[in-house]
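Peer 1: Could you have a look at this structure, given as structure tokens, before my questions?
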Amino acid sequence: MKPVSDSRLIQQLSPPQKGVFSLADLQSALSDPHRASMYRRLDRLEESGDLRRFTRGIYVAEDFDLATLSQRVSPGSTISFEYVLARSLVIGPKPRHGVSALREGRGATFEGCGVRLDYHHVGEKLRFGEVSGDGVRTTDPEKAILDVLYFHLRGRKALMDIYSDVNLQRLDHKKLDRYLSHYSNSKFVAFARDLLLVAEGDRP
């Protein structure tokens with residue numbers, strides 16, 4: 001009967017966890033003092049489809065929140081790029097199968113369970129314009145569009161046409177002007193100002 005009760009437990013815990021579990025979460029939920037026994041129970045939960053292993057130490061339920069998964073895989077990261085822009089209606093539909101985020105550690109990519117998480121390295125100086133809510137840290141849309149353009153010049157392929165798919169009216173140009181003062185790369189600053197129609201000194 002144990003697999004049935006474990007399955008029900010995962011179903012009950014999944015909504016508050018947004019479908020994402022660390023190994024520590026599962027150890028606490030299953031309350032099994034024996035490591036070998038706990039892993040056998042996890043194996044049965046995977047066989048039944050109640051859980052899937054995304055990466056070492058991280059499991060997902062059948063339905064899970066992509067942003068929460070990104071944050072749990074790399075707790076120090078901040079979601080940015082197209083995910084934020086789409087959520088803010090600056091571009092079209094939100095990516096359903098991938099998230100790109102910033103972090104100060106090495107860049108990395110994780111793929112599994114039908115989704116892809118990309119983490120891009122930035123220095124501390126370029127960590128700004130970030131907000132936290134509901135357990136997930138994201139940039140604001142102004143920082144997100146600058147991240148798209150900044151990494152575009154470094155070879156990252158944007159998921160939209162940067163010249164035609166951006167609704168400039170939904171961006172705060174005074175904030176963009178302030179944010180551009182953080183960048184020392186004059187080529188990037190000129191490129192961003194020209195593309196986003198941000199005049200120098202366009203700030204309060």
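Peer 1: Just one of (1) outside any strand (DSSP E or B); (2) modelled with pLDDT of 95 or more; (3) of a type outside the set (A, V, I, L, M, F, W, C) trips up R96, so point out which.
Peer 2: (2)
Peer 1: Name the pairs: first residue in the range 72-90 and under 13 Å from T139 (Cα atoms), second residue buried (at least 22 other Cβ atoms within 10 Å of the Cβ) and of a type in the set (D, E, K, R), Cβ to Cβ under 6 Å, at least 6 apart or on different chains?
Peer 2: S80/D147; F81/D147
Peer 1: Also, I was wondering about something else. If we only count helices (runs of 4 or more DSSP H) wholly inside the range 137-204, which ones have 3 or more residues that are more than 22 Å from I79 (Cβ to Cβ)? I'd like the intermediate steps shown before the answer.
Peer 2: Numbers: elements: 141-152, 173-180, 186-196.
Helices (runs of 4 or more DSSP H) meeting the threshold: 173-180, 186-196.
Peer 1: Run down D140, D177 and say which single residue is within 19 Å of Y83 (Cβ to Cβ) and either surrounded by 13 or more Cβ atoms within 10 Å (Cβ to Cβ) or not polar (S, T, N, Q) (or both). Lay out the reasoning, then the answer.
Peer 2: Numbers: D177 fails: within 19 Å of Y83 (Cβ to Cβ).
Answer to the selection: D140.
Peer 1: Given the condition of a type in the set (F, W, Y) and in contact with a helix residue (DSSP H, G or I) (Cβ under 7 Å, 6 or more places away or on another chain), answer yes or no: does some residue in the range 125-141 qualify?
Peer 2: Checked the range 125-141: at least one residue is of a type in the set (F, W, Y) and in contact with a helix residue (DSSP H, G or I) (Cβ under 7 Å, 6 or more places away or on another chain).
Peer 1: Could you please let me know if V84 is outside the structural domain of F54 (by the TED database) and within 15 Å of L159 (Cβ to Cβ)?
Peer 2: For V84, the condition - outside the structural domain of F54 (by the TED database) and within 15 Å of L159 (Cβ to Cβ) - is met.
Peer 1: I've got another one for you. Just one of the numbered conditions (1) surrounded by 21 or more Cβ atoms within 10 Å (Cβ to Cβ); (2) of a type in the set (A, V, I, L, M); (3) farther than 30 Å from L126 by Cβ is not true of I91; which one?
Peer 2: With respect to (1) surrounded by 21 or more Cβ atoms within 10 Å (Cβ to Cβ); (2) of a type in the set (A, V, I, L, M); (3) farther than 30 Å from L126 by Cβ, I91 is out only on (3).
The values are calculated or read from the model by the stated rules, or taken from the named source; none is laboratory data. This structure is a prediction, so every number in the text was calculated from the model and none was measured. Cβ sites come from the backbone with ideal geometry, for glycine too, and all protein chains shown count toward neighbours.
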